[in-house]
Structure formats: C-alpha cells, structure tokens
1. When the residues of the stretch 264-303 are narrowed to those that are under 27 Å from residue 192 (Cβ atoms), assigned to a strand (DSSP E or B) and charged (D, E, K, R), which ends up nearest to the chain's Cα centre (by Cα)?
2. Residues of the stretch 217-240 being modelled with pLDDT of 65 or more and either open to solvent by 50 Å² or more (accessible area, probe 1.4 Å) or not in a loop (DSSP other than H, G, I, E, B) (or both), which ones?
3. Tell me, yes or no, whether the stretch 196-216 has at least one residue that is at pLDDT below 80 and in a helix (DSSP H, G or I).
4. Which of the following residues is of a type in the set (Asp, Glu), touching a residue at least 40 places away in the same chain (Cβ under 8 Å) and closer than 28 Å to residue 130 by Cβ: 80, 101?
5. In this structure, does residue 100 turn out to be under 53 Å from the mean Cα position of the chain (by Cα) and either over 15 Å from residue 58 (Cα atoms) or at pLDDT 85 or above (or both)?
6. Cβ-Cβ below 7 Å, separation at least six or inter-chain, first residue in the stretch 202-219 and within 21 Å of residue 293 (Cα to Cα), second basic (Lys, Arg) and open to solvent by less than 70 Å² (accessible area, probe 1.4 Å): which pairs?
7. Across the stretch 241-267, which residue is farthest from residue 293 (Cα to Cα) among those that are open to solvent by 100 Å² or more (accessible area, probe 1.4 Å) and at pLDDT 85 or above?
8. Which condition from (1) outside any helix (DSSP H, G or I); (2) farther than 30 Å from residue 54 by Cβ is the one that residue 169 breaks?
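The values are calculated or read from the model by the stated rules, or taken from the named source; none is laboratory data. A quick note: this is a predicted structure, and the numbers were derived from the prediction, not measured. All Cβ positions, even for glycine, are placed from backbone atoms using ideal geometry, and neighbour counts span all protein chains on display. These accessible areas exclude ligands, DNA and RNA; they are computed on the full protein's heavy atoms, side chains included. Shrake-Rupley method; radii C 1.70, N 1.55, O 1.52, S 1.80 Å.
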Amino acid sequence: MNSKPIKILLIEDNREDAVIIREMLKETQNISFELNHVDRLKNGFESLFNDTFDVLLLDLNLPDSWGFDTFIRTYDQTPELPIVIMSGFDDEDIAVKAVREGAQDYLIKGQIDGRLLARSISYAIERKETEKELMKSHKDQRELIEWHEKELLETERKLQEEIEERENVENKLIDALKAVEIERSKLDTLINNLSVGILIVEASSGKPLIKNKKLEDIWIDCLEIEELAEYCYYNCSHPDGRPYELEDWPLTRSITSGEEVEEEKIIISKEDGTKSVVISSSVPIRDNNGQIVMGMSIFSDGD
C-alpha cells in the first residue's frame, strides 16, 4: 500500500452518488484515497485554489454549470490536473467529447465498481504525468529549435556584417588602387616630360623600377644590350680615359655605399668613332629605418 494517499476532489451535486463513490474507494485494498467532496463548481474552484489534488472526479451536470461547458471551465481552471468525467446515460456523448478535449477518462454512473474506479483514477494520473513529460519534451525541443534558429540568425547577421565589411574594404582598396594608378599616370607624364633622364632601381637586385623617355634617348645605343657591364667597360670612360668598371658607376656607388654623386662626367665612345658626354648624378633612397632600398640617377647631355 502506498504510504501517501491519492487526494481526490469530487465535484458531484448528487449526495447519493457521492456516498456510493466514497464507499467504492474504501473497497480498494492496494491503494489508499483521500476524498474531498463539494456539490458546486464554484466550491470546487475554491478547493482547487486552497489545496492541491492528484485527480478530479467531475460530474458534468451541476446546479451552477451544465454539460460540456462544465468540463471546459474546469479544464481552463486546472489544465495540469487529471480529470475523470462521471457521466450519466444521457450525457455519454458529451463525456466522450470531453475526453477528446483533454479529460483522461469517463465513467458511466451505475456501471462501475471500486476496482474499476480505482484503476481509472490510477491510469488517469499516469497518463497525465506522461502527457506532462511529453509536453515538457516538446517544449524543450521547441526551445532547442528556437535557440538554434536564433543562433543561425545571429551567425547569418555576423556573416553578413563580415561580408559587408569585406566589401567595404575591397571597395576602399579598389579606390586606393585607382588613386595610385592616377598618381602613377601623373608621375609617368611628369617624368617623361623632363629634360633629363631618370632611372630608379631596386637596391637589392639592381632591377629598374622607373625610367623615362629621356633616359632611353640618352642611352639608346646600349639599352637593348644584355652585357651592359661589358659595353660600359669598353665604351664608357672617365674624363681621364680610365674605363668604367661596374662598381665605378655613380648609381652603383649610391646603392652600395650610400654615396651621393653630383654631376659626374661619363665619356661614351660610339660605334661611328665619335664621342659624347653624359652628366650623371645619383643618390640612395632609404626607408624609415635608414636602410638603402633604392637608388636614383639623373642623366643629362653634356655636349
């Protein structure tokens, strides 16, 4: 026998039926019950407000409520409490409807005994607990789905922000590149219209980075020759006649030792036997740390 009795609220206006139900419950041997009886729906609501119960036995036809409306009002008042309908022959259809809408069972008065009543009460409580667990499970699932949906929306929002930020950076980069191209075009126009030759090379490799049209005009005889050093050795000399070694060139001295060379004369011997004079100045170009990264030479006709 359970140590704790099952608390029952019986809402039944017929005193004889209430007495019969009480006696039936006394017949059970394995389950103990504690029955509270009221004869009005209003009194039943007061009992539900002031006390807790395990199950509710409900007569549908009461002095202050009638038919299916009795169940609806009661179910709205206490949806978590298992309800067993106590039905007469003339309202069985309404009782079946009540079960469809949330009642746990219905019993027809005059066709039950203590064993059937006790079993119906026990099953009603078990089914309601199962229903609560299912509802909780469904609620947890809904909450989990809602959480995932929220996280998905948040992820989509952050991704959209990253995409917009990246597009913004890309647009700024495109604008910056366009601006650089414009400035580069301006620089090319400027240096190509200078009356002197300009040559800027990378210090580490000697690779030309910038050169202008005037430079090509001055060195037209040797710009396409692969062995430039050899050409310069045999065809370029100091004013005193000494041939130019590669390390003697003003630009080479600027990028290797940081020397600033001003207006050094270079004598060029042409293939037709004539000579021309080129004036060369060169300076090193340093980065913010003082390291030489480029070198620049300026060439002009010295004839």
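1. So, considering only residues that are under 27 Å from residue 192 (Cβ atoms), assigned to a strand (DSSP E or B) and charged (D, E, K, R), the one nearest to the chain's Cα centre (by Cα) is 286.
2. Of the stretch 217-240, the ones modelled with pLDDT of 65 or more are 217-220, 235-240.
Within the stretch 217-240, 217, 218, 220, 235, 236, 237, 239, 240 meet the criteria.
3. The first filter runs over the stretch 196-216 and keeps only residues at pLDDT below 80, leaving 216.
Now drop any that are not in a helix (DSSP H, G or I), which leaves 216.
Within the stretch 196-216, one or more residues are at pLDDT below 80 and in a helix (DSSP H, G or I).
4. Working: 101 fails: touching a residue at least 40 places away in the same chain (Cβ under 8 Å).
Testing whether each residue is of a type in the set (Asp, Glu), touching a residue at least 40 places away in the same chain (Cβ under 8 Å) and closer than 28 Å to residue 130 by Cβ leaves just 80.
5. Details: under 53 Å from the mean Cα position of the chain (by Cα): yes; either over 15 Å from residue 58 (Cα atoms) or at pLDDT 85 or above (or both): yes.
Considered against the rule, which asks whether it is under 53 Å from the mean Cα position of the chain (by Cα) and either over 15 Å from residue 58 (Cα atoms) or at pLDDT 85 or above (or both), residue 100 comes out as yes.
6. none
7. 242
8. With (1) outside any helix (DSSP H, G or I); (2) farther than 30 Å from residue 54 by Cβ applied to residue 169, the lone miss is (1).
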